[in-house]
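What follows is calculated from the coordinates using simple rules that are stated; it is not laboratory data. What you see is a predicted model; the values in this text were computed from it and never measured. Counting neighbours? That spans all protein chains shown, and the Cβs are built from the backbone with ideal geometry, glycine included.
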Amino acid sequence: MGVIYVAIRLYGNWDKGYALSEHSKSSTFIGYTPSGRAEFETDRTEMGALIHGLKYRKNYGLVTSIIDLIRRDFKSLGVIDLIVPVPPSREREIQPVHLICRALGTEYKVPVENNWVFKTGKTTEQKNLSNRTEKVEVAKGSFSLNPGLCYRNRNVLLVDDIYDSGATLEAITEILKSEGKVKRVCVLTMTKTK
């Protein structure tokens, strides 16, 4: 794999981490839905628009465009033995992050393991929590490693679609390092919220 040269550096308990783009350029409050949820008019970045279309509009053909942008902006995180998607926060028929990881694995000839890390139960989606403290508390203890797999001394690329607080990535990195004894964890997200 390569070095990301137009990316946003992400800091956490992982060894190296990047988001390829901000998720949005601007967001303007426009009111509330009938159920009381705040609505915004959002001007997304190119990658942000692709992720939104993939995740919320189920436009699975956008994975090719996402990989094209990754190929353009992504050079290396060093040696990667395995790509691991962050477990989904919500059940979907098709998981967008799994599609991205599969395409990344094909592009960079690195195996993808969807079952290395799993959620231990149902939790509130991070996007529905208001501050980092709540997000860290919800993420702590919410993930486990597959006990039947060998993790020791592996160089793992942990992939997610959107970086917000980093709480989920930190919780997963912690168990990969402490319980799994992986050699290195690098993080790659497609976008980062402001």
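I need the peptides 165-174, 152-161 ranked by packing, meaning the mean over residues of other C-beta atoms within 10 angstrom, with the highest value on top.
Going by the mean number of other Cβ atoms within 10 Å, highest first, we get 165-174, 152-161.
Quick one: net charge of TRP116's neighbours, Cβ under 15 Å, K/R +1, D/E -1?
+3
Under 5 Å between amide H atoms, partner at least 5 residues away or on a different chain: which partners does LEU158 have, H built in plane at 1.01 Å?
VAL84, CYS186, VAL187, LEU188
Taking H as built 1.01 Å from N, whose amide H comes closer than 5 Å to the amide H of GLU22, not counting residues under 5 places away?
Placed amide hydrogens put LYS192 under 5 Å from GLU22.
Can you work out ³J(HN,Hα) from phi for every residue in the range 52-60, in order, using Karplus 6.51 cos²θ - 1.76 cosθ + 1.60 and θ = phi - 60°, giving whole Hz and x for Gly and Pro?
Whole-Hz 3J(HN,Hα) from phi for the range 52-60: 4, x, 5, 7, 9, 10, 6, 8, 5.
For the range 163-175, just list the computed ³J(HN,Hα) in residue order, Karplus coefficients 6.51, -1.76 and 1.60, θ = phi - 60°, integers in Hz, with x standing in for Gly and Pro.
Result, rounded to whole Hz: 9, 10, 9, x, 4, 5, 4, 5, 5, 5, 4, 4, 6.
Summing +1 for each Lys or Arg and -1 for each Asp or Glu, what net charge is found among the other residues whose Cβ lies under 13 Å from the Cβ of GLY105?
-1
Could you work out how much longer the chain between THR33 and SER65 gets when fully extended? Use 0.36 nm per residue separation minus the Cα distance between them, nm to one decimal.
Computed gain between THR33 and SER65 is 8.4 nm.
Output the pairs from LYS55/LYS183; LYS25/LYS181; LYS55/LYS119 with a Cα-Cα distance over 27 Å in this structure; if there are none, say none.
LYS55/LYS183; LYS25/LYS181
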